[in-house]
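Right, one structure below, let's go through it.
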Amino acid sequence: MPAASPASFAPDSGPRSAAATPQPVDLILTDIDWLVTCDPAMTVIESGAVAIRGDRIVALGPTDQLTARFAAAQRVALTGHLLLPGLVNTHAHAAMSLFRGLADDLPLERWLFEVIFPAESRHMNADRVHLGTLLAGLEMLQGGITTCCDGYFFEEAAALAFQETGMRAVLGQGVVDFPAPDLADPSRLEDRLSAFAEAFPHADGRLKPGLFCHAPYTCGPATLQRVKGICRERDWLFQIHLNETRDETARLTAEHGEPPTLYLDRLGVLDHRTLCAHAVWMQREEIERLAERRTAVSHNVHSNMKLASGVAPVPAMIAAGITVGLGTDGCASNNTLDLFREMDRTAKLHKAVSGDPTVCPARQVLHLATLGGAAALGLAELTGSIEAGKKADLVALDLRQPHLTPLYDPVSHLVYCARASDVTQVWIDGRRVVQDRRVLTLDGDEVRREAAAAGAMIGRGR
Ligand SMILES: [Zn+2]
């Protein structure tokens with residue numbers, strides 16, 4: 001496995017002649033059994049350490065070297081642990097955690113139009129979105145997800161919830177051409193989106209607004225172009241569900257006389273600030289077009305399996321150069337927000353369907369859940385890997401467990417053995433948000449109690 005030479009980590013500036021005077025930092029994590037950086041070379045350091053000042057990583061390397069170079073206000077020894085960057089969930093509808101298990105074992109269109117859309121119009125309001133997003137945040141933080149790309153209605157309420165969790169998030173305000181829970185009259189879309197834009201002065205640097213056109217079959221061409229135009233003016237991420245089911249893809253292809261990806265490109269909505277979720281039923285020319293436009297894809301393997309949508313051509317999309325991330329999708333179609341499970345299934349499903357056990361190897365899949373996902377969201381400069389200068393979004397896993405023993409390759413273990421429940425500590429922006437498996441930013445018991453009570457009401461009102 002790739003053990004780094006210490007010489008390759010001299011990240012902060014300045015000559016070493018002043019070695020006698022350790023530089024002050026706020027926090028140093030030491031004695032990490034395995035430091036899995038998820039940098040572009042997927043560098044792994046044995047017995048590593050990370051020095052943090054404010055919200056940034058200052059340096060990383062072997063523990064003995066870093067402890068000699070830095071004097072830390074706080075030192076946390078992570079003996080028996082593996083440290084990796086915070087995981088990046090590239091597609092979620094966080095508030096739908098309140099619909100967990102509400103409708104299983106249905107085809108997507110019946111699930112969506114007979115259960116989910118009616119439940120949303122009946123039960124979702126700003127308070128419920130806030131609560132559902134807190135519940136999702138609790139689950140994601142406990143499972144080592146530090147960045148989430150969300151898409152839903154009442155997204156200002158989701159923003160408040162994400163702010164409370166301390167997570168990093170892209171907040172896609174949902175758009176459809178029919179009455180939505182937060183917009184009874186779709187002709188007032190401009191007003192709705194203006195209000196959303198104005199709501200964002202409260203957001204801190206971890207929250208990035210964006211817009212989310214639900215799909216090419218729920219948003220007409222004028223809406224798609226207008227919403228993408230707003231995103232372009234503001235440098236916001238534009239999200240859309242694309243080619244999720246075979247029927248939807250065939251219908252749209254017949255309607256527009258070309259495959260949906262080419263139709264979207266003709267409308268001018270594909271570029272490097274567009275993220276397509278699913279991309280299951282993709283023709284060769286559609287894959288090439290996404291690659292040409294540098295448009296990213298979120299692969300949501302569990303959601304695609306549970307709704308029997310199909311198997312996205314992930315190996316072909318990666319080979320074409322498309323930036324791919326991993327998403328949980330909403331809880332109603334998964335039913336958990338656990339990127340360790342997504343990694344495991346991604347690595348295995350594509351082997352099973354291709355008959356080739358070398359496709360989607362562990363290193364590649366871990367990249368999708370970290371730096372690849374960050375790149376898909378336009379956040380690769382900030383997060384997704386443990387590198388000097390980047391935000392200190394870090395996750396520690398306790399390796400001292402039967403299912404993680406013995407350990408030959410930490411990258412393989414992260415994809416094929418680790419579980420969300422192995423996460424013990426999480427830092428975001430250098431601030432500890434999970435300690436000994438407990439989320440520090442939220443009252444977890446209270447959130448669970450309120451969510452269970454909301455679920456009881458939703459269940460009765462079905
Ligand atoms: Zn989705």
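Observations on the structure shown:
- Pairs where the first residue, in the stretch 110-127, is assigned to a helix (DSSP H, G or I) and small (Gly, Ala, Ser) and the second is surrounded by fewer than 19 Cβ atoms within 10 Å (Cβ to Cβ) and at pLDDT below 90, C-beta under 9 Å, 6+ apart: ALA119/ALA103; ALA119/GLY461; ALA119/ARG462
- Against the conditions (1) assigned by TED's automatic domain parsing to the domain that holds TRP34; (2) in contact (Cβ under 8 Å) with a residue 40 or more places away in the chain, GLN435 satisfies every one except (2).
- Conditions (1) in contact with a Phe, Trp or Tyr (Cβ under 6 Å, 6 or more places away or on another chain); (2) away from the ligand (no atom under 16 Å from the Cβ): number failed by ASP235: (1)
- Of the listed requirements (1) closer than 30 Å to ALA396 by Cβ; (2) surrounded by fewer than 24 Cβ atoms within 10 Å (Cβ to Cβ); (3) touching a residue at least 60 places away in the same chain (Cβ under 8 Å), THR146 misses just one: (2).
- From the options GLY373, GLY327, residue that is within 16 Å of the ligand (Cβ to nearest atom) and out of contact with any His (no Cβ under 6 Å at 6 or more places or on another chain): GLY373
- Condition met for GLU381 (under 25 Å from GLN239 (Cβ atoms) and free of Cβ contacts under 8 Å to residues at least 40 places away in the same chain): yes
- Among residues of the stretch 344-373 that are outside the structural domain of LEU414 (by TED's automatic domain parsing) and surrounded by fewer than 20 Cβ atoms within 10 Å (Cβ to Cβ), those with a Cβ under 7 angstrom from a residue that is of a type in the set (Gly, Ala, Ser) and in a helix (DSSP H, G or I), sequence gap 6+ or separate chain, pair up as ALA362/ALA347; ALA362/SER412.
- Residue in the stretch 177-188 that is surrounded by fewer than 22 Cβ atoms within 10 Å (Cβ to Cβ), of a type in the set (Ser, Thr, Tyr) and part of a helix (DSSP H, G or I) present: yes
- Annotation: of all residues in the stretch 74-104 being within 13 Å of the ligand (Cβ to nearest atom) and assigned to a strand (DSSP E or B), the one that is surrounded by the fewest Cβ atoms within 10 Å (Cβ to Cβ) is HIS91.
- Condition met for VAL280 (away from the ligand (no atom under 16 Å from the Cβ), surrounded by 20 or more Cβ atoms within 10 Å (Cβ to Cβ) and not aromatic (Phe, Trp, Tyr)): no
- Among the residues making up the stretch 238-256, those that are among the acidic types (Asp, Glu) and within 16 Å of the ligand (Cβ to nearest atom) are GLU244, GLU248.
For (1) at pLDDT 95 or above; (2) touching a Cys at 6+ places or on another chain (Cβ under 7 Å), each residue gets a yes or a no:
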{"site": "TRP111", "(1), (2)": "no, no"}
{"site": "VAL115", "(1), (2)": "no, no"}
{"site": "GLN142", "(1), (2)": "yes, no"}
{"site": "CYS149", "(1), (2)": "yes, no"}
{"site": "GLU155", "(1), (2)": "yes, no"}
{"site": "VAL170", "(1), (2)": "yes, yes"}
{"site": "LEU189", "(1), (2)": "yes, no"}
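The values are calculated or read from the model by the stated rules, or taken from the named source; none is laboratory data. Remember, predicted model here, so these are calculated numbers, not experimental data. Virtual Cβ from ideal backbone geometry, glycine too; neighbours counted across all protein chains shown.
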